[in-house]
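**Q** Pasting a structure below so you can have a look.
The values are calculated or read from the model by the stated rules, or taken from the named source; none is laboratory data. Here the structure is a predicted model, which is why all the values come from computation and not from measurement. Just the protein is used for accessible areas: all its heavy atoms, side chains included, with ligands, DNA and RNA removed. Shrake-Rupley method; radii C 1.70, N 1.55, O 1.52, S 1.80 Å.
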Amino acid sequence: MSSRGSYRTALTYGAVGATQAADLMTYPPEGFVPAESRARIGHGDQRFETAVTQTLSWQIQERSGIRVRVEDQPDDDEVRYNPVTFDERGVPIAPASIGTPRVEKFAADGTPLLTAGTTATLEMHAFGRTVHAPVRVVSIIDETDRKGFAYGTLEGHPLSGEESFVVERTADGSVWLQVRQFSQPASPKWRFLSPLLKRRQKVMAAKYLEALRGD
């Protein structure tokens, strides 16, 4: 699918990758409200690998009642976002940039996994209507014991900000799902509905954690 049109659509916030900052909850990007939730979803290497595949194939969202419509995926020769990086104190040490080529990845069973630069529209029923929330995958977290992704908001999303979904494996073999976000209403219309948006975010965070629990 060609991405030369909407791939160039700008994100609606500036701190790309900041969901991975160690001190996000204390020092979020200016004007944004942070949130974080975490739950144990199992134990062992197989559970970890399964949860990673589920996370990187939109299953957290789909199991939470969200319809995911993938709009665009960047071609191999196109650029994608590189997230800002941070030192151990959470201070940014490199700005967000573009320029890394896309690398196609698949799970062991052949399931295609998310790649940075993918654009999708999340569709959900909220506030008595169907809400369309365009997002772009801005980073893939690919460490030995931490794997997942983050997406950022595009024009038309009720919120402005970023959300990440990371599966973690601890030393005792426990597997955890961590969801982090920072956001603010995207427009005056949505600021008027800010209390409802906050309530909805809490509901969705709980659904996300339940989506992979007990598999």
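**Q** Give me the lysines in straight-line cross-link reach of K105: C-alpha distance below 23 Å, same-chain residues under 8 apart excluded.
**A** Partners found: K147.
**Q** When we measure straight from the Cα of K207, which lysines land under 18 angstrom away, once same-chain ones fewer than 8 places off are left out?
**A** K198
**Q** Let me ask another. So what is the accessible area of the stretch 104-215 per residue, in Å², with the probe set to 1.4 Å? Mind showing how you got there, number by number?
**A** Values: 4920 Å² over 112 residues.
Roughly 44 Å² per residue, with all protein chains present.
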